[in-house]
Each structure stands twice: as C-alpha cells, then as structure tokens.
Amino acid sequence: MTTGGPSDGVASAHARASAEIDPAVPLAPLAAWLASTLPHLGPVVALTRFPGGFSNLTYHLRTERGEAVLRRPPLGALPGGVAHDMPREARVLGALVFRGVPAPEPLAVCEDPDVLGAPFYVMTHIAGRILRGATPPPDLTPAHFTALSHAFVETLIAIHGATPADPAIACLGKPMGYVARQVDGWTERWERARTDAVPAMDALAAWLRANQPSESGACLVHNDYKYDNLVLDPADPARIVAVLDWEMATVGDPLLDVGTALGYWVEAGDPPAFRTLGLGMTALPGNLTRAELWARYLARSGRSMRPMAFYHAFGVFKIAVIAQQIFARYRKGLTTDARFARLGEAVGLLATMGERAAAG
C-alpha cells in the first residue's frame, strides 16, 4: 500500500500546506533535533503530511533554507518488523544513491524514541507529480500513458539490476528459498491479522502454497512498485525521476516483485468493485494490460517466459494481507483514520480477484 508522497491526483506537494501540530510529529523536539543534526536547513517553517498513504507517515518539511521529507512509523504500529523499520529503509536508500536507481537520498536518521516517540529519518525532497486515483489528469493522453507504462517496466528492470554481487545489496536479505518464505510469511500474516472469516483468502493461500514455481533469480526487489510510488518529471510525465517507499525492499525473486506490480495494475475490464479501491489509473487508455506488462518485462529483461498466474495471484494476496493488517489496527482502535474502515471490505474484493488470477 502506498505510504504517501507529493500528490494532487495530480496535486503539487504544497497542496495541503499547513503548520498544524500533528501528534505524530511534535514540533519542539523535532526542531531541536534538526538544529543539532541538520543545521544547514535552518528553522522549521511548515510541516505538512502528504495526502494518501496507509502505512508509514510521510511529511513535507519546509525550512527557512530549503525543503526535505520526514518519514516515521504510523501511530499504533508495533515495534519490530521490516515495514516500519526506519533506519533500515534509510540504509536501503543510501545503497541506491550511487547505483543508478532513481530514489531520494537519506540525510539523517534518528533512532532516539524520545524525539518523536519512534525512530525516523529525513531525506531529500524531489519535486514532481504522482498519479493517484482513477480520474485522468486532463493533460495526459493515451500516448503519455503508453510511454509511462513502458518507463514503468524499464525502471523496474533497472532496480532488478542491483544484485547480491554488490555487498550493499547482499546484506538486505537472503535470496535462497525466497518464494516459499514469501508464501508462508504472508499466509502467517493473514492468519495473525484476521478479524473476520474470508474463505476466499484461505483458499487462495492454499493454492499459492501448492503451486509454487521454481526460483527465477535473486536481486534487489522493491516489493511495493506501482504508479503512486513514482515521482514523475512535471515537464515530461513519462519520465520517472524517483521511486518512493522502499520500506519492504529486500533481496529476492524479481518475478514476485513483478507479481506485486501486477496485483496493483487494474484493467478496464476488471470488476467495478475492484476498480473502486483507488488503484484505477492503470485502467486508462494507453496503458499496457497486465499480460502486456508481464510479456514486456520478460522480453526486456531477458528472462525466460513463464506463466503469469502464480505471480499475479501472489501479488493480489499480498496486497489483501497488507489491507487486512491495517484494518486490524483500525478495528483494535490503534488508529482512527476513517479511510481504514473500508479496508475490511477491500480484503474480500482482493481475495476474489486473486482467485480469478489463479484460475488464469
């Protein structure tokens, strides 16, 4: 799920500028930390939470001398685990800076919980556009979306070009047995986060366990790659200037990473209920279909042809589990964000879509 960033549906990063006090980021201790750690930024002028996002909290930080972005875990998040490990995410970004992958550069990490109540980090701000929702921006034509979906594939291939041969990448994960661990791990997460009976999720988990393919290789995988985690050049919306939200990046099978992208990739012919989940920008005319995206990735990356069904079904299942984890936090009262109330329904819709994917 997305974790925030500049947006306008396509909005500017300043669309919701405000100096309101956010309980997740008390300004006084933050200002003191910034003054001692990043003094060149100067005093804080405004701190604005980026709209969208269901997981880690992302803020546009404006100071007297510049701009930056702050990331911290959500309120109510339990300690431990990769998804909310801010120091690890900052290390991933640091490993990408000199490796040809477009991403923000980390500036400083704070592991002292006395500052904001949880570890956080500050990174460079990259201005641009982020596409969200299903309503086409008036200046983007089908030709723009064709070029963007091609760039989407090429950028993912560039990410997968970082391999365990690079020590900075190798330390991020263990590639051996990755597919089995992912299937077992996401099934266990589903079982821990379950709040209601969803038979389709149980059936999909069983199908994935019984139909695992052989490993296709090992490389850096983003694990949440989709349109609204891309920053686009304002002057050329088909050019990707940064990839955001590296919280789940690791070393693993690249085709599972493509599968996650397929899980988010809505098509015009998908059920209307699935398209209401807010993932519909890829259904607009000009975009590749899922089958075309899969075939183009395999052809451009030089990987051998494989059936798409398992990877797409896995991607949808994983997204459903993420939605369920967030919904479980909402059900327990650990977060009061009204957007999360619909995620329980979304889990069922995604599970049904995953069963369709598994059937080919």
Subject >> Positions within the range 67-106 being at pLDDT below 80 and in contact with a helix residue (DSSP H, G or I) (Cβ under 7 Å, 6 or more places away or on another chain), in sequence order >> reply: Gly76, Val82
**OP:** Within the range 88-139, track down each residue that is of a type in the set (S, T, N, Q), touching an Asp or Glu at 6+ places or on another chain (Cβ under 9 Å) and touching a residue at least 60 places away in the same chain (Cβ under 8 Å).
**Re:** none
**OP:** State which residue is farthest from Arg329 (Cα to Cα) when the search covers only the range 196-222 and only residues that are in contact with a Gly (Cβ under 7 Å, 6 or more places away or on another chain) and assigned to a loop (DSSP other than H, G, I, E, B).
**Re:** Ala218
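What do you reckon, is Ala299 without any contact (Cβ under 8 Å) to a residue 40 or more places away in the chain and surrounded by fewer than 23 Cβ atoms within 10 Å (Cβ to Cβ)? Working first, answer last.
On the way: without any contact (Cβ under 8 Å) to a residue 40 or more places away in the chain: yes; surrounded by fewer than 23 Cβ atoms within 10 Å (Cβ to Cβ): yes.
Answer is yes for this residue.
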**OP:** Please work out which one of (1) among the β-branched types (Val, Ile, Thr); (2) at pLDDT 95 or above; (3) buried (at least 16 other Cβ atoms within 10 Å of the Cβ) is the condition Thr63 fails and give its number.
**Re:** (2)
**OP:** Could you please tell me which pairs satisfy a Cβ distance under 8 Å, a separation of 6+ or placement on different chains, a first residue in the range 339-352 that is within 10 Å of Ala323 (Cα to Cα), and a second residue that is among the hydroxyl-bearing types (Ser, Thr, Tyr) and in a helix (DSSP H, G or I)?
**Re:** Phe340/Tyr330; Leu343/Tyr330
Original post:
So which residues in the range 171-193 are among the aliphatic types (A, V, I, L, M) and within 21 Å of the chain's Cα centre (by Cα)?
Top reply: Leu172, Val179, Val183, Ala193
**OP:** Would you be able to tell me the number of residues in the range 165-195 that are closer than 16 Å to Lys318 by Cα and part of a helix (DSSP H, G or I)?
**Re:** 16
Subject >> Filtered residues of the range 112-134 (kept if touching a helix residue (DSSP H, G or I) at 6+ places or on another chain (Cβ under 6 Å) and more than 15 Å from Leu61 (Cα to Cα)) >> reply: Val115, Pro119, Ile130, Leu131, Arg132, Ala134
Subject >> Qualifying positions in the range 239-269 - of a type in the set (S, T, N, Q) and within 13 Å of Tyr227 (Cα to Cα) >> reply: Thr260
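Just checking, which of Ala24, Ala28, Ala11, Ala46 is modelled with pLDDT of 55 or more, surrounded by fewer than 20 Cβ atoms within 10 Å (Cβ to Cβ), of a type in the set (A, V, I, L, M) and under 24 Å from the mean Cα position of the chain (by Cα)?
Ala24
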**OP:** Keeping to the range 123-180, report how many residues are modelled with pLDDT under 90 and of a type in the set (S, T, N, Q).
**Re:** 1
Subject >> Pair list, Cβ under 6 Å, 6 or more apart: the range 140-166 residue over 25 Å from Leu284 (Cα atoms), other residue at pLDDT below 95 and assigned to a helix (DSSP H, G or I) >> reply: Ala162/Ile169; Pro164/Ala170
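Determine whether Thr260 is surrounded by fewer than 22 Cβ atoms within 10 Å (Cβ to Cβ) and more than 19 Å from Leu140 (Cβ to Cβ). If you could, list the steps in order and put the result at the bottom.
Working: surrounded by fewer than 22 Cβ atoms within 10 Å (Cβ to Cβ): no; more than 19 Å from Leu140 (Cβ to Cβ): yes.
Answer is no for this residue.
Given the criteria part of a helix (DSSP H, G or I) and of a type in the set (A, V, I, L, M, F, W, C), does Ala162 qualify?
On the way: part of a helix (DSSP H, G or I): no; of a type in the set (A, V, I, L, M, F, W, C): yes.
So Ala162 fails the test.
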Original post:
How many residues does the range 90-130 contain that are under 24 Å from Ala35 (Cβ atoms) and among the charged types (D, E, K, R)?
Top reply: 4
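Confirm whether Gly5 is exposed (fewer than 15 other Cβ atoms within 10 Å of the Cβ) and either part of a loop (DSSP other than H, G, I, E, B) or at pLDDT below 95 (or both). Explain how you work it out, then say what you get.
Details: exposed (fewer than 15 other Cβ atoms within 10 Å of the Cβ): no; either part of a loop (DSSP other than H, G, I, E, B) or at pLDDT below 95 (or both): yes.
Considered against the rule, which asks whether it is exposed (fewer than 15 other Cβ atoms within 10 Å of the Cβ) and either part of a loop (DSSP other than H, G, I, E, B) or at pLDDT below 95 (or both), Gly5 comes out as no.
Each row is one residue, and each column tells you yes or no for (1) assigned to a loop (DSSP other than H, G, I, E, B); (2) surrounded by fewer than 19 Cβ atoms within 10 Å (Cβ to Cβ); (3) modelled with pLDDT under 95; (4) not aliphatic (A, V, I, L, M).
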residue: Leu293; (1), (2), (3), (4): no, no, no, no
residue: Pro307; (1), (2), (3), (4): yes, yes, no, yes
residue: Ala323; (1), (2), (3), (4): no, no, yes, no
residue: Arg329; (1), (2), (3), (4): no, no, yes, yes
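The values are calculated or read from the model by the stated rules, or taken from the named source; none is laboratory data. Owing to the predicted nature of the structure, the values given are computational and were not obtained by experimental measurement. So basically every Cβ, Gly included, is an ideal-geometry build from the backbone, and we count neighbours across all protein chains shown.
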